[in-house]
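Peer 1: Sharing a structure with you now.
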């Protein structure tokens, strides 16, 4: 499949009885997650963080299907044809379903693209992973916009695979305070919009199957900026162990959730939020991670 996904490359298959059961069970898993973990409260203003990928597109569809009021926001990180086509697909998807979509762009907000930032840092031997260069400023922009919109919760497309990988990454790197922030929902903090993950117990492969069954026009390949990392290694680890230990992801998450209350009690109040000295956004340090990233970038460009 080409990097720039064209609509005529998507074929919606005829459903079998087994497909019908799969979709019904998928929908029920999401409904159960929302109810069991009280992800949505009366009066919530929900905004879905959408990328045009399969996870967030399935999330948009499900909330629309379940009659849950929401809006959507996307950030164009300007990764060439990849994000350009994702944005085209997302706009069309939202327009067809009358979903209000708010758009932000890296170039407008920061004056540069993710790829430029990555290359400038790499050229000066500043070691920052591509996913950090993209993800940290993107979350920064989304939180700021959603706060301005009066959103009470950010809805993300994180799935079972994402969470299992994140838990293991934090264990390997001995970051229990980071694991205390995980789970189906985050705790409200001053200036930071809480996040909820309705797809928390759904496997990535099942999200792809669900998306393909519905014929959603999305790109199913990986981001072209993805490079070797601990997360990609853990993805391979889970895929390998699933063959000999079926349900290994579920086992990790079940154990993690049994420990999460203790982690929250121990670490949640340790990191006090204050205003970033550079931009005024909430931060656990004097300077927020996004501003630190751009300070590194400035140092790289001036070196």
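Peer 1: Suppose we keep only residues that are in contact with a strand residue (DSSP E or B) (Cβ under 9 Å, 6 or more places away or on another chain) and at pLDDT 95 or above within the range 174-192. Which one would you say is surrounded by the fewest Cβ atoms within 10 Å (Cβ to Cβ)?
Peer 2: 185
Peer 1: I've got another one for you. Condition first: assigned to a loop (DSSP other than H, G, I, E, B), modelled with pLDDT of 95 or more and over 27 Å from residue 58 (Cα atoms). Can you find one or more residues in the range 160-172 that meet it?
Peer 2: Of the residues in the range 160-172, the ones assigned to a loop (DSSP other than H, G, I, E, B) are none.
Looking through the range 160-172, none of the residues is assigned to a loop (DSSP other than H, G, I, E, B), modelled with pLDDT of 95 or more and over 27 Å from residue 58 (Cα atoms).
Peer 1: Checking residue 117 against (1) farther than 21 Å from residue 204 by Cβ; (2) without any contact (Cβ under 8 Å) to a residue 60 or more places away in the chain; (3) buried (at least 17 other Cβ atoms within 10 Å of the Cβ): exactly one of these is not met. Which one?
Peer 2: Among (1) farther than 21 Å from residue 204 by Cβ; (2) without any contact (Cβ under 8 Å) to a residue 60 or more places away in the chain; (3) buried (at least 17 other Cβ atoms within 10 Å of the Cβ), the lone unmet condition for residue 117 is (2).
Peer 1: Could you please give the count of residues in the range 53-64 that are modelled with pLDDT of 95 or more and farther than 10 Å from residue 156 by Cβ? Please lay out each step first, then the result.
Peer 2: Filtering the range 53-64 down to residues modelled with pLDDT of 95 or more leaves 54-64.
So of that shortlist, the ones also farther than 10 Å from residue 156 by Cβ come out as 54, 57-58, 60-64.
Final tally of qualifying residues: 8.
Peer 1: Of everything in the range 48-67, what is out of contact with any strand residue (DSSP E or B) (no Cβ under 9 Å at 6 or more places or on another chain) and in a helix (DSSP H, G or I)? Give them in sequence order.
Peer 2: Filtering the range 48-67 down to residues out of contact with any strand residue (DSSP E or B) (no Cβ under 9 Å at 6 or more places or on another chain) leaves 53-55, 57-58, 61-62, 64-67.
Those that are out of contact with any strand residue (DSSP E or B) (no Cβ under 9 Å at 6 or more places or on another chain) and in a helix (DSSP H, G or I): 54, 55, 57, 58, 61, 62, 64, 65.
Peer 1: Give the residue that is surrounded by the most Cβ atoms within 10 Å (Cβ to Cβ), with candidates limited to residues of the range 68-87 that are assigned to a loop (DSSP other than H, G, I, E, B) and modelled with pLDDT under 95. Give the derivation first.
Peer 2: Here is the first cut: in the range 68-87, the ones assigned to a loop (DSSP other than H, G, I, E, B) are 68-70, 77-79.
Checking which are modelled with pLDDT under 95 leaves us with 77-79.
Values: 77: 28, 78: 20, 79: 19.
Here the residue is 77.
Peer 1: With 106, 93 as the choices, which residue is in contact with a helix residue (DSSP H, G or I) (Cβ under 8 Å, 6 or more places away or on another chain), without any contact (Cβ under 8 Å) to a residue 40 or more places away in the chain and buried (at least 20 other Cβ atoms within 10 Å of the Cβ)?
Peer 2: Working: 93 fails: without any contact (Cβ under 8 Å) to a residue 40 or more places away in the chain.
After ruling out the rest, the residue left standing is 106.
Peer 1: Could you say which residue among 258, 240, 283, 278 is touching a helix residue (DSSP H, G or I) at 6+ places or on another chain (Cβ under 7 Å) and either more than 30 Å from residue 87 (Cα to Cα) or without any contact (Cβ under 8 Å) to a residue 24 or more places away in the chain (or both)?
Peer 2: Working: 258 fails: touching a helix residue (DSSP H, G or I) at 6+ places or on another chain (Cβ under 7 Å); 240 fails: touching a helix residue (DSSP H, G or I) at 6+ places or on another chain (Cβ under 7 Å); 283 fails: touching a helix residue (DSSP H, G or I) at 6+ places or on another chain (Cβ under 7 Å).
Only one candidate passes the filter, namely 278.
Peer 1: Only one of 236, 274, 283 is over 20 Å from residue 156 (Cα atoms), surrounded by fewer than 16 Cβ atoms within 10 Å (Cβ to Cβ) and either within 23 Å of the chain's Cα centre (by Cα) or modelled with pLDDT of 95 or more (or both); which?
Peer 2: Details: 274 fails: either within 23 Å of the chain's Cα centre (by Cα) or modelled with pLDDT of 95 or more (or both); 283 fails: surrounded by fewer than 16 Cβ atoms within 10 Å (Cβ to Cβ).
Checking each option against the conditions leaves just 236.
The values are calculated or read from the model by the stated rules, or taken from the named source; none is laboratory data. Note that the coordinates shown come from a computational prediction; the quantities given were computed from them, not determined experimentally. Backbone-built Cβ (ideal geometry, glycine too); neighbour counts: all protein chains shown.
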